[in-house]
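What follows is a set of notes on a single structure, which appears directly below.
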Amino acid sequence: MPAEARTWDPTPALPAVTPRAEAPTLYDDEAGGNANADDPAIWRNPKDPDRSLVIATAKEGGLRVYDLDARQIQSIAAPRPGRRDDAPGRFNNVDLVQGLRLRGGSAQGARADLAVTTDRGNDRLRFYRIDGDRHRSGRGAGPLTDVTDAAAPPVFSRDQDEINDQKTAYGLATWTDKASGRSYALVSRRNRTTVALIEIRPTPTGTVTYRTVRTLDLPSAFRLPNGTSWTPCAEPDELPQVEGMVVDPATGMLYAGQEDVGIWRVRADLKGAPKLVDKVREYGVPGVYDERTEECTPGTDPGYGGSRLAADVEGLTLLTEPDGDGYLLASSQGDNTFALYDRELGDHNEYEGGFRITAASATLDGSEECDGAAVLNAPLGRRYPHGLLVVQDGHDTPVQGDREATGFKFVDLGEVMERIDD
C-alpha cells in the first residue's frame, strides 16, 4: 500500500551557535573576479598553531588563504582557458594531504603538506605545497606554492571537448591508507554518480601527479517500498551527483553526500558495497522539470525520505575526539542546519543531533545554504584553543545591491561542543 503523504517542519528546534569571524565577502561578478565561495580546509601549523591557515575555494576566483583572524593572506588565480571557447579554471573542493614525500631538487625525500583541489573547469587535480614559514599578509610570497605536474591528465574526460561539457572533477576527499602509506584522492564527477579513487604520485622533478585506480558508480534510480522506481528530478542528461565527501582514517570508510539522495558509506578503496546511512527528506518525491523556469516542480511526498537532512546534502567533515569518538558533520543545505552522526560503525552512524549557525550581530551574519564545511578539533592558539569550524555562507550579508555574495564563517568549536552536549 502507498505510504501516507506527509509534511515536516522545515525549521526544527535546534541549538544555535554564532560565528566569531568571517572572511571578506566574495562576489560572483566581473568586478569580483567571478569569485564564489565553496569549500574550506583547515591546516594546523605544528610549529606555531596561532599561524594556522584556512584554505578555501572560490570557484572561478581560484583559491583563497586566510589566517585565523579570517584575513586574506594569499589569492591564487584559477588557470585561464587555453582557447576562447574553452572552459576557464574553476576550483570546486579542497582537502589536505599530510606529510607526502616529495622528490627532486634540494628537498629530495622531504615531506610536505599539500592542499589538493578539484579544478572543475579543466577536469584536473591541482596541488599546492604548504609552507607555514612563508605565512605573511599582504602582497608577495604566500604560504602556498603550486607543485602540480604540467602533464597531469584529465580525471574523467578524454579530450578538451569533453572537458568543455563540464562533466568533470567535482567533489573531493583525501585519504592516506595506513597499510600501504600511499595517499589518494576520492573524486566525484559533476552531473554523474561516479566516484574515482585516484593515487597521488610525486614525480622525480618535485611535482605531483596522479593516476586513477578504480571507479564506483552510485545508484541513479531507486526502488521504493511501493514497488515503483524513483529518480531525483534534474535537468535532462543530469544524474544525481555527489559533492561533499570525507574519509574516516580510523575505519577507512568514505562518506559521500549524493545531493538529492542522502549520505552513503563505502570503503575508501571503493571495493565494497555502498550503504545509505541517511536519506534526505525529499527522497522518493516525484518531480517534473520545467525547461522554462529551469526548476523542478515536486509532487506529493510519499513519506519514504529521512527527517534530518533537507536537500541538498552538502559539505561533509569529520569531527574527531581524543578518545576515538566523534561525529560525521553534514550540511543540510535546504533548511540551513547541520546534522551530526555518530562516527562509530558499531553504532551504525546513528543521528546524534544538530545545530544552526545564526547571526552574531547586524554585520556578522550566520550561514545559509552552506556548501562546504571543515572542522578541526585541535588547539589553534589563543584564538581557537578548543578547535575551529569553518563553513561556507551561501548568502553573505550585508550585500552590495543585487550582487551575488558568498563567504566563509569561522566558528569556535568549543561553543559548538557545548551546544550539542547540552
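We did not get these values from a lab; they are worked out from the coordinates using the rules stated. A quick note: this is a predicted structure, and the numbers were derived from the prediction, not measured. Please note: Cβ atoms are built from the backbone with ideal geometry, for glycine as well, and neighbour counts cover all protein chains shown.
Can you give the Kirkwood hydrodynamic radius of the stretch 55-135 from its Cα pairs, in Å with one decimal?
On the way: mean 1/r = 0.0724 Å⁻¹.
13.8 Å is the Kirkwood radius here.
Its Cα gyration tensor gives the stretch 154-266 an equivalent ellipsoid; the semi-axes, largest first and in whole Å, are 28, 20, 9. Which of rounded, prolate or oblate describes the stretch 266-422 when judged by the alpha-carbon gyration tensor and an a/c cut-off of 1.5? Oblate is the answer for the stretch 266-422, as a/c is 1.5 or above yet b/c matches or exceeds a/b. Within the stretch 327-416, the proportion of C-alpha pairs whose separation exceeds 18 Å stands at 50%.
Largest first and in whole Å, give the semi-axes of the chain's equivalent ellipsoid, each being the square root of 5 times a Cα gyration tensor eigenvalue. It would help to have the intermediate numbers written out before the result.
On the way: eigenvalues 196, 129, 102 Å².
Working through the eigenvalues yields semi-axes of 31, 25, 23 Å.
Rounded to whole numbers, the Karplus 3J(HN,Hα) couplings from phi for the stretch 197-203 are 9, 10, 7, 8, 10, x, 9 Hz, using 6.51 cos²θ - 1.76 cosθ + 1.60 with θ = phi - 60°, and x at Gly and Pro.
Three principal axis extents describe the C-alpha atoms of the stretch 11-155; from largest down they are 53, 45, 34 Å.
Once the mean of 1/r is taken over each pair of separate Cα atoms and inverted, the stretch 215-341 shows a Kirkwood hydrodynamic radius of 15.4 Å. Projecting the Cα positions of 340, 379, 395 onto the charge dipole of the stretch 304-397 (unit charges on Cβ atoms of Lys, Arg, Asp and Glu, taken about the Cα centre) puts 379 furthest along the positive direction. Cysteines in the chain lacking any other cysteine Cβ under 4.7 Å from their own Cβ: 370.
Once the Cα-Cα distance is subtracted from the 0.36 nm per residue extended length, the residue 419 to residue 364 segment shows a gain of 17.8 nm.
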